[in-house]
Amino acid sequence: MITIQNLRKSYGKLNVLKDVSVVFDAGRIVSVIGPNGSGKTTMIKCILGMVLPDGGDIKIGGESILKKHAYRSQIGYMPQIGRYPENMKIRQVIGMIRDIRKDVKQVDEELIGLYGLKEMYEKRMGALSGGTKQKVSAALAFMFNPKILILDEPTAGLDPISAEILKCKILKEKKKGKLILITSHIMSEVEEVADEVMCLMDGQLKFHETIESIKAQTNEERLSRAIAKIMNEED
Amino acid sequence: MNKIIKYVFYDIIRSKIMIAYTLFLLLLTIGLFNLGGNPDKAILSLLNIVLLTVPLISIVFATTHFYNSYEFMELLVAQPINRTRIFMSEYLGVACSLSGAFILGVGLPVLLFGASLTGLYLLLTGVFITFIFVALAFLASVLTRDKAKGIGIALLVWFYFALIYDGIVLFILYYFSDYPLENATLAMTALNPVDLGRIIVLLNLDVSALMGYTGALYKSILGSVWGIGLAFGLLLLWILVPILSSRRIFSRRDI
């Protein structure tokens, strides 16, 4: 569904992505892992067209997305740190995005209900805690039934119950044949929800394999140990 | 496009600065008209104050608004909307609301106390100056990510057009006073939208007779319909060049 070919991006002298090529298929949950600053968020922002790559190509459904915008109707994005206009209320932010996306008839409000956002509708975005902002981001990402979901460290600021709600939602959406990209540092969580793991290191693709094959290769029961083993072997 | 402008308007109207700006202009204009008695004189004083404050307020307000709307734009960029559309909506939203405040604050009293062609030119000039300085503000804002730096650049731009430029022109006129400078002055005027606006209005007042040979030249060139058209054309160019170049920068950079 998403094909990335020789993606390159640098900020000044810093090469963040060095010829990354990878293919993601529909109906899978792919976990993007890697140390801090390995280019995970940059890759995601390239897919979203927020960061413009220096070279290479990104295709969704066979069509290049560079310099286009209509394709973003297929993507639901939950940023790592949601930044919202501070003086808008939750109701206004959600209302505005719905107003912009009027073409979508079926609106999925499940997360708004589960997170009890309606009770907080009149609160200003600037007054919200980090976790509540994350809930708003999650609700917006899932709202328009996108074919692709991109979640950048979705559970980082959430309490355990809210994180559990989100995980259930992710697994539910996967059953509908959606592609879900998740970046995360929590290996137990990756093991729980993901089918495949893609590892970025210093802007290069280290490996991209299913969880079973990683475990089989390393003879380890737990994913975190398996990945640690792969990393250490290379050194 | 309209939908996004609607939300930009909504955001600006709530900030109260716009109301204060309208009231300031309203009080200033009514005060000046009641002070002099002669409406031409009032328009002249008004012109001088408007040409100093309107660019300053437009450029500072637009720059701070742009940086404060960064989150808003970030939110929209992930949606299926063209980036240039987001940018132009922001521009039109800010420029139109500032112009609206100007028309309300200055236009209404002018209509009441001294409706004339000169008054109309003053209004038109003010609206053009607003659009120009909002465009310059957006250019300053896309050049740097740092808010303090952006506002610094914006203030410098205002300082240049409002004060420094006139200083340079005076210096040139004084230094080369032995040479015929009429055409050169005319060209130099075109390079500063504030001066251009000033001359458009001045030429419609009797005071233009006081400006000597250069004034006569201005009158012969800018006094005709053609000349006025040319002057407004130049002002339009002053809007288009900065806004189109900043739009280009905005659509080609990382968010």
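Say whether the condition of being outside any strand (DSSP E or B), of a type in the set (D, E, K, R) and either within 14 Å of chain B (Cβ to nearest Cβ) or within 19 Å of residue A:205 (Cα to Cα) (or both) is met by at least one residue in the stretch A:3-20.
Scanning the stretch A:3-20, I find no residue that is outside any strand (DSSP E or B), of a type in the set (D, E, K, R) and either within 14 Å of chain B (Cβ to nearest Cβ) or within 19 Å of residue A:205 (Cα to Cα) (or both), so the answer is no.
Scanning the stretch A:150-174 for residues that are assigned to a helix (DSSP H, G or I) and among the hydrophobic types (A, V, I, L, M, F, W, C) returns A:161, A:163, A:165, A:166, A:168, A:170, A:171. The numbered conditions (1) surrounded by fewer than 21 Cβ atoms within 10 Å (Cβ to Cβ); (2) out of contact with any helix residue (DSSP H, G or I) (no Cβ under 6 Å at 6 or more places or on another chain); (3) at negative phi are all true for residue A:194 except (1). A single member of A:115, A:84 is hydroxyl-bearing (Ser, Thr, Tyr), without any contact (Cβ under 8 Å) to a residue 60 or more places away in the chain and either surrounded by fewer than 16 Cβ atoms within 10 Å (Cβ to Cβ) or farther than 30 Å from residue A:7 by Cβ (or both), and it is A:115. Would it be correct to say that residue B:125 is among the hydroxyl-bearing types (Ser, Thr, Tyr), over 22 Å from residue B:16 (Cα atoms) and within 14 Å of chain A (Cβ to nearest Cβ)? No: the conditions fail for residue B:125.
Hey, does the stretch B:103-110 have a residue that's in contact (Cβ under 8 Å) with a residue 60 or more places away in the chain, within 14 Å of another protein chain (Cβ to nearest Cβ), in a helix (DSSP H, G or I) and within 17 Å of the chain's Cα centre (by Cα)?
No.
Rundown of residues vs (1) hydrophobic (A, V, I, L, M, F, W, C); (2) surrounded by fewer than 18 Cβ atoms within 10 Å (Cβ to Cβ); (3) in a helix (DSSP H, G or I), yes/no style:
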position	(1), (2), (3)
B:148	yes, yes, yes
B:152	no, yes, yes
B:158	yes, no, yes
B:168	yes, yes, yes
B:189	no, no, yes
B:194	yes, no, yes
B:204	no, no, no
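Could you pull out the residue among A:99, A:54 that is in contact with a helix residue (DSSP H, G or I) (Cβ under 7 Å, 6 or more places away or on another chain) and exposed (fewer than 15 other Cβ atoms within 10 Å of the Cβ)? Going through A:99, A:54 in turn, the sole match is A:99. Given the conditions (1) more than 17 Å from residue B:140 (Cβ to Cβ); (2) touching a Ser or Thr at 6+ places or on another chain (Cβ under 9 Å), and given that residue B:66 satisfies all but one, which numbered condition is not satisfied? Answer for residue B:66: the failing condition is (1).
In summary, residue B:42 fulfils each of the numbered conditions (1) more than 30 Å from residue A:44 (Cα to Cα); (2) within 13 Å of another protein chain (Cβ to nearest Cβ); (3) in contact (Cβ under 8 Å) with a residue 24 or more places away in the chain; (4) over 19 Å from the mean Cα position of the chain (by Cα) with the single exception of condition (2).
The one condition from (1) among the polar types (S, T, N, Q); (2) part of a strand (DSSP E or B); (3) more than 13 Å from every other protein chain (Cβ to nearest Cβ); (4) more than 28 Å from residue A:129 (Cα to Cα) that residue A:31 does not meet is (4). Selection of first residues in the stretch B:220-238 that are more than 17 Å from residue B:182 (Cα to Cα) and of second residues that are part of a helix (DSSP H, G or I) and modelled with pLDDT of 95 or more, restricted to Cβ pairs under 6 Å at least 6 apart or on distinct chains, gives the following pairs, ordered by first then second residue: B:235/B:128; B:238/B:132. Has the stretch B:60-78 got at least one residue that is away from chain A (no Cβ under 14 Å), modelled with pLDDT of 90 or more, within 30 Å of residue B:35 (Cα to Cα) and out of contact with any Cys (no Cβ under 6 Å at 6 or more places or on another chain)? Yes, because at least one residue in the stretch B:60-78 is away from chain A (no Cβ under 14 Å), modelled with pLDDT of 90 or more, within 30 Å of residue B:35 (Cα to Cα) and out of contact with any Cys (no Cβ under 6 Å at 6 or more places or on another chain).
Out of the residues in the stretch B:14-25 that are more than 18 Å from the chain's Cα centre (by Cα) and surrounded by 13 or more Cβ atoms within 10 Å (Cβ to Cβ), state the one that is nearest to residue B:93 (Cα to Cα). Steps first, answer last, please.
Keep residues of the stretch B:14-25 that are more than 18 Å from the chain's Cα centre (by Cα), which gives B:14-16, B:19-20, B:23.
In the following step, the residues that additionally are surrounded by 13 or more Cβ atoms within 10 Å (Cβ to Cβ) were identified as B:15, B:23.
On the way: B:15: 14, B:23: 20 Å.
Across the stretch B:14-25, the extreme among qualifying residues is B:15.
A quick yes/no check of all residues on (1) over 30 Å from residue A:98 (Cα atoms); (2) surrounded by fewer than 19 Cβ atoms within 10 Å (Cβ to Cβ):
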| residue | (1), (2) |
| --- | --- |
| B:9 | no, yes |
| B:35 | yes, yes |
| B:38 | yes, yes |
| B:55 | yes, no |
| B:63 | no, no |
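Screening residue B:49 against (1) among the β-branched types (Val, Ile, Thr); (2) within 14 Å of chain A (Cβ to nearest Cβ); (3) free of Cβ contacts under 8 Å to residues at least 40 places away in the same chain leaves a single unmet condition, (2).
When residue A:6 is tested against the conditions (1) at positive phi; (2) touching a residue at least 60 places away in the same chain (Cβ under 8 Å); (3) not hydroxyl-bearing (Ser, Thr, Tyr), the lone failure is (2). Restrict the check to the stretch A:126-149 and report whether at least one residue is assigned to a strand (DSSP E or B) and of a type in the set (A, V, I, L, M). Within the stretch A:126-149, one or more residues are assigned to a strand (DSSP E or B) and of a type in the set (A, V, I, L, M). Tell me, which residue of the stretch A:48-94 that is assigned to a loop (DSSP other than H, G, I, E, B) and basic (Lys, Arg) is nearest to the other protein chains (Cβ to nearest Cβ)? Selected residue: A:83.
The values are calculated or read from the model by the stated rules, or taken from the named source; none is laboratory data. Just so it is clear, the structure is predicted and the values come from calculations on it, not from any experiment. We place every Cβ from the backbone using ideal geometry, glycine too, and count neighbours over all the protein chains shown.
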